[in-house]
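Single-structure report; data block below.
The values are calculated or read from the model by the stated rules, or taken from the named source; none is laboratory data. Note that the structure is predicted; figures quoted are calculated from it, not measured. Counting neighbours? That spans all protein chains shown, and the Cβs are built from the backbone with ideal geometry, glycine included.
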Amino acid sequence: MSITDNLLKKRLLASREREKTVTGLQGIAMMNHGSEVTFSIKTPLGRLLRAETTFIGSNGKDNIILEYPVVSPQASMDYFHEGFWVTIKAISEKGEGAQISFKTQIAHIVEKPVRFLILDLPRSMDLLQLRSEARYEVQLQGQILLGQRALLVDFKDLSKNGCCFRYDMNGPQFDEGHKLTVSIKNPNTLKIYHLSGHIKSIHRSGGANNCGILFDEYGLEQVKTLLAQLIFDGAKLSFKS
C-alpha cells in the first residue's frame, strides 16, 4: 500500500471515529433553543428548497418545533405541506461540539397566532464530532480591531487549539477562512494576549453571532501563556483575582 493510500485510510478511520448515531431524544437534547438550523425540503417531484430558520424546542416526546422560515408566498405553496420530507442540520455547542443531522417529515403547520413548523421527532440522528478536544468554558472578554473601531466579544470556550466567541447579531459578518486576531487584556497585569487564527465556523444562536476560531502558530503560543493565568472560579475559567 502506498503512502497516499495509508493517509487516505487514516483519514477515513478518523472520520468514522468522529461519527456516531444517537436516539432522537439524545440528539434534540444537544440542540440549544434559539439556535440556527439549516434545512432542505424535497417535493414528491424532486424539487428542492434550502433555507435557514430557528430551532424553538421540542415537546420531549414526538415533535420538534421550528420557526417558520422567511420564504416567498410561492415557495410556501410549493414546499410547505404536511408529509413532505425535511433534512435538518444543526450545530451543537455542547461538549466537544458536533454537527447534528437527521431526516424527518412535516407533521403540522401552525399559521396563527404565530407561524411554526412542527416536525416528527425521528428515532435517530447522526452526529459528526467537530473538535478533536474538549473546550473549557471561560469568563473572558476580548476585542477585535476593525479599522478605526473595536468589536467587543464575549468568549464562550477556549482550548489550546481554538476558541469560540460571540457578539451582537447586528455586528459585522465574517466568512469562514477569514483571518483575525482577538485581543484579551489581563486586568491585573495589563498584559495583552493576541489570539490569532482563522474562522472555522460561524452560526447564529440565542440572538448572537457565534464564531469558532482555529489558532495559527502565533495564536498557539499566546494561548499557552493565557491558559497559565486562568483559574477555575467554580463555574468557569477566569483571570486570577
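Does Phe239 qualify as being at pLDDT below 95, surrounded by 15 or more Cβ atoms within 10 Å (Cβ to Cβ), of a type in the set (Phe, Trp, Tyr) and under 18 Å from the mean Cα position of the chain (by Cα)? In short, no.
Could we say that Lys103 is farther than 25 Å from Phe232 by Cα and of a type in the set (D, E, K, R) here?
Spelling it out, Lys103 is indeed farther than 25 Å from Phe232 by Cα and of a type in the set (D, E, K, R).
Matching residues to (1) in contact with a helix residue (DSSP H, G or I) (Cβ under 6 Å, 6 or more places away or on another chain); (2) assigned to a loop (DSSP other than H, G, I, E, B); (3) modelled with pLDDT under 85; (4) closer than 23 Å to Asn209 by Cα:
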{"residue": "Arg11", "(1), (2), (3), (4)": "no, no, yes, no"}
{"residue": "Leu25", "(1), (2), (3), (4)": "no, no, no, no"}
{"residue": "Glu52", "(1), (2), (3), (4)": "no, no, no, yes"}
{"residue": "Ile65", "(1), (2), (3), (4)": "no, no, no, yes"}
{"residue": "His81", "(1), (2), (3), (4)": "no, yes, no, no"}
{"residue": "Phe102", "(1), (2), (3), (4)": "no, no, no, no"}
{"residue": "Gln105", "(1), (2), (3), (4)": "no, no, no, no"}
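The set of residues in the stretch 134-157 being in a loop (DSSP other than H, G, I, E, B) and within 21 Å of Ser92 (Cβ to Cβ) consists of Ala134, Arg135. Residues of the stretch 178-199 include at least one that is in contact (Cβ under 8 Å) with a residue 24 or more places away in the chain, within 30 Å of Leu66 (Cα to Cα) and not in a loop (DSSP other than H, G, I, E, B). Of the residues Ile231, Ile199, the single one that is outside the structural domain of Glu67 (by TED's automatic domain parsing), over 16 Å from Val138 (Cα atoms) and β-branched (Val, Ile, Thr) is Ile199.
In the stretch 200-220, how many residues are part of a loop (DSSP other than H, G, I, E, B) and farther than 27 Å from Asn32 by Cα? Summing the residues that are part of a loop (DSSP other than H, G, I, E, B) and farther than 27 Å from Asn32 by Cα in the stretch 200-220 gives 1. For Lys160, the criteria (1) assigned to a loop (DSSP other than H, G, I, E, B); (2) of a type in the set (D, E, K, R); (3) out of contact with any helix residue (DSSP H, G or I) (no Cβ under 9 Å at 6 or more places or on another chain) hold in every case but one, which is (3). All conditions but one from (1) under 28 Å from Val22 (Cβ atoms); (2) assigned to a loop (DSSP other than H, G, I, E, B); (3) without any contact (Cβ under 8 Å) to a residue 24 or more places away in the chain apply to Gly46; the one that does not is (1). If you go through the stretch 134-180 and keep only what is exposed (fewer than 11 other Cβ atoms within 10 Å of the Cβ) and either in contact with a Ser or Thr (Cβ under 9 Å, 6 or more places away or on another chain) or under 21 Å from Leu226 (Cα atoms) (or both), you end up with just Ala134. Across the stretch 176-208, the number of residues qualifying as touching a strand residue (DSSP E or B) at 6+ places or on another chain (Cβ under 7 Å), more than 18 Å from Ala98 (Cα to Cα) and at pLDDT 90 or above comes to 19.
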